[in-house]
Amino acid sequence: MISLLFIVLLLHQSLAKTEKDYAIKARLPSDEEELMEMLLDGYNPSARPVLNSSHTVTVQVRFSLLQIQDLNLRNQVLTTTGLLILDWVDERLRWDEDQIALKDIVIEARKLWRPEFASINGADGIYGDYGQFRALVKSNGSVHWEPGGVFKTVCEIDITYYPFDEQNCELKFGAWSYHTTKMNLTSTGDEVNKDSYEQNGEWEISSTKASRGEFYFACCENERFSNVNFELRLRRRYTFYVMNVILPSMMTSVLLLSIFFCTPAQKVQIGVVVLLSFRIFLLNVTDSIPKTSDHIPLLGIYLTLTMAITTLSMVLTVFILNLHHITDRPVPTWAKILVLKYLARLMCMCSYEIYAKLDQDPQIRDGHRISESASLGKAIGKQLNLLTKLNGSLSGSKNARMSRRFLLPGKKTQEDKKKEEEWTRDWRLLAEVVDRLFFWIFLSAIVITTLLLFHPLTKGYFSIYSR
Ligand SMILES: *[C@@H]1O[C@H](CO)[C@@H](O)[C@H](O)[C@H]1NC(C)=O
Ligand SMILES: *[C@@H]1O[C@H](CO)[C@@H](O)[C@H](O)[C@H]1NC(C)=O
Ligand SMILES: *[C@@H]1O[C@H](CO)[C@@H](O)[C@H](O)[C@H]1NC(C)=O
């Protein structure tokens with residue numbers, strides 16, 4: 001009994017199924033199906049969409065930028081996300097709206113003829129597969145297609161003004177096989193569409209430009225290829241670099257200036273610290289710039305220059321240290337006049353001039369002469385001493401001792417001591433004036449390099465106003 005009921009149930013179900021199937025088979029094709037059938041019957045997507053093959057297909061191209069993902073300075077590659085907006089007319093895709101009540105239809109672009117756009121300056125690919133994007137076809141045959149993706153393009157980087165640099169990157173799309181007479185890519189509008197653009201943290205778009213160009217080989221001027229270029233002018237947001245590289249290195253430069261106002265021992269210590277910190281900044285900078293010698297960043301020049309200044313100042317410190325400790329010689333007259341008179345005046349250290357003038361005092365000049373003759377005497381004495389030594393070794397030591405006592409210079413007189421003090425003072429003054437000279441030289445070097453470093457910033461502001 002139960003099995004009979006089961007069979008009846010099964011029978012009923014299978015009957016219902018065939019009824020449903022029948023309903024599907026009997027359904028008339030929908031408008032869209034009918035239209036697609038009609039449009040794509042015998043349609044070859046490889047053939048150009050013109051009925052007369054001597055006609056040109058004109059494709060209008062726009063670019064809508066969605067995002068700047070990355071600008072790799074090292075590899076000089078710009079990665080962007082965006083879409084190309086393409087419009088053209090396919091003469092084979094026309095229908096009468098009275099016959100089929102549809103204004104437009106969306107068709108997979110794979111099934112249609114698509115304009116060819118190769119990413120000419122592509123970094124890792126020239127052709128992309130955009131067939132899965134759908135196209136909107138209107139009854140008069142106009143086709144609207146928006147293929148998009150991630151575009152990697154080569155961008156020549158100029159880091160001269162890093163981090164105040166502006167990069168000019170281009171996205172170049174063009175025909176690879178079709179001549180301009182077959183397919184003409186044209187640009188509508190002269191800007192890149194930024195309606196759905198999302199800001200990038202590091203780069204700011206200062207301006208964009210869209211333009212059309214033609215390319216041909218030198219041999220065949222008639223066979224031109226059209227291309228559309230989208231130019232992005234990117235300005236770096238430099239606050240990060242100002243805070244992390246430029247301000248610290250400027251502060252270190254100021255620290256460097258303090259070297260000229262401290263004792264020689266401190267000088268060397270501070271100098272080494274400054275040198276090391278500049279090296280660190282330099283490492284920081286060279287880490288993120290391309291390894292080419294085409295463009296050398298001003299910041300690198302600035303840091304290297306400051307390092308050179310620091311090294312030089314340490315060498316000079318040693319030199320000045322030596323000047324400080326001279327006691328046994330007078331300052332040469334030429335150095336006295338040059339440094340204490342002219343240089344001191346130049347450096348606004350006029351009080352030092354007195355010491356230079358002292359030199360012209362006849363008394364001191366005489367004293368100078370005396371000391372000169374004394375040193376001459378010493379030299380003669382030394383010679384004689386050598387002679388008597390030789391003599392002594394020949395004719396006994398008594399004679400030698402006698403002559404030596406005769407030739408030995410007398411005890412240090414009060415006058416000698418005074419002279420020595422004077423020499424020391426002169427050397428110290430000389431060292432001070434030279435130190436001050438280097439201070440001014442370094443200060444101006446730092447100011448000039450800093451101004452050079454920041455000059456693109458002012459240029460940027462001026463160009464904003466002039467635009
Ligand atoms: C194709 O177009 C050209 C120029 O527009 C014309 O001279 C020619 O007659 C056309 N051919 C046909 C088959 O319509
Ligand atoms: C097709 O029709 C649309 C409006 O539906 C119009 O904007 C477009 O210019 C037309 N294209 C041609 C080639 O007539
Ligand atoms: C292609 O289009 C440009 C303008 O967009 C026009 O100047 C040029 O003559 C066109 N070329 C051909 C072969 O139609």
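Among the residues of the range 135-149, the ones that are over 39 Å from the mean Cα position of the chain (by Cα), under 20 Å from residue 173 (Cβ atoms) and either buried (at least 17 other Cβ atoms within 10 Å of the Cβ) or outside the structural domain of residue 83 (by TED's automatic domain parsing) (or both) come to 2 in all. In the set (1) crowded, with 18+ Cβ neighbours inside 10 Å; (2) within 16 Å of ligand 1 (Cβ to nearest atom); (3) of a type in the set (A, V, I, L, M, F, W, C), residue 77 fails one condition alone, (2). The number of residues in the range 38-54 being within 16 Å of ligand 3 (Cβ to nearest atom) and closer than 13 Å to residue 90 by Cα comes to 5.
Of the candidates 105, 126, the single residue that is more than 16 Å from ligand 3 (Cβ to nearest atom), in contact (Cβ under 8 Å) with a residue 12 or more places away in the chain, among the β-branched types (Val, Ile, Thr) and surrounded by 15 or more Cβ atoms within 10 Å (Cβ to Cβ) is 105.
Kindly establish whether residue 96 is of a type in the set (Asp, Glu) and free of Cβ contacts under 8 Å to residues at least 60 places away in the same chain. So residue 96 passes the test.
Step by step: first the residues of the range 39-69, then only those that are surrounded by 13 or more Cβ atoms within 10 Å (Cβ to Cβ) and farther than 25 Å from residue 212 by Cβ, then the one that is farthest from ligand 2 (Cβ to nearest atom). Which residue is that? Looking at the filtered set, the residue picked out is 69. Scanning the range 203-239 for residues that are in a loop (DSSP other than H, G, I, E, B), surrounded by 13 or more Cβ atoms within 10 Å (Cβ to Cβ) and touching a residue at least 40 places away in the same chain (Cβ under 8 Å) yields 224, 238. The set of residues from the range 167-188 being within 16 Å of ligand 2 (Cβ to nearest atom) and not in a strand (DSSP E or B) comprises just one member, 188.
Taking the stated definitions as given, is residue 59 over 30 Å from residue 165 (Cα atoms), within 16 Å of ligand 1 (Cβ to nearest atom) and at pLDDT 95 or above? Against the criterion (over 30 Å from residue 165 (Cα atoms), within 16 Å of ligand 1 (Cβ to nearest atom) and at pLDDT 95 or above), residue 59 does not qualify. If you check 351, 277, 288 for being outside the structural domain of residue 164 (by TED's automatic domain parsing), closer than 27 Å to residue 253 by Cα and at pLDDT below 80, only one passes: 288. In the condition set (1) within 36 Å of the chain's Cα centre (by Cα); (2) surrounded by fewer than 17 Cβ atoms within 10 Å (Cβ to Cβ); (3) of a type in the set (S, T, N, Q); (4) not in a loop (DSSP other than H, G, I, E, B), residue 322 is compliant with all but (1).
Of all residue pairs spaced 6 or more apart or on separate chains, those with beta-carbon atoms under 6 Å, a first member in the range 50-76 that is part of a strand (DSSP E or B) and a second member that is within 16 Å of ligand 1 (Cβ to nearest atom) and charged (D, E, K, R) are 57/48.
Of the listed requirements (1) in a loop (DSSP other than H, G, I, E, B); (2) among the hydrophobic types (A, V, I, L, M, F, W, C); (3) more than 23 Å from residue 287 (Cα to Cα), residue 164 misses just one: (3).
Considering every residue within the range 89-110, establish whether at least one is within 16 Å of ligand 1 (Cβ to nearest atom) and assigned to a strand (DSSP E or B). Within the range 89-110, one or more residues are within 16 Å of ligand 1 (Cβ to nearest atom) and assigned to a strand (DSSP E or B).
The values are calculated or read from the model by the stated rules, or taken from the named source; none is laboratory data. Bear in mind that the values here come from a model prediction, so they are computed numbers and not experimental data. Positions of Cβ are generated from backbone atoms using ideal geometry, with glycine treated the same way; all protein chains shown enter the neighbour counts.
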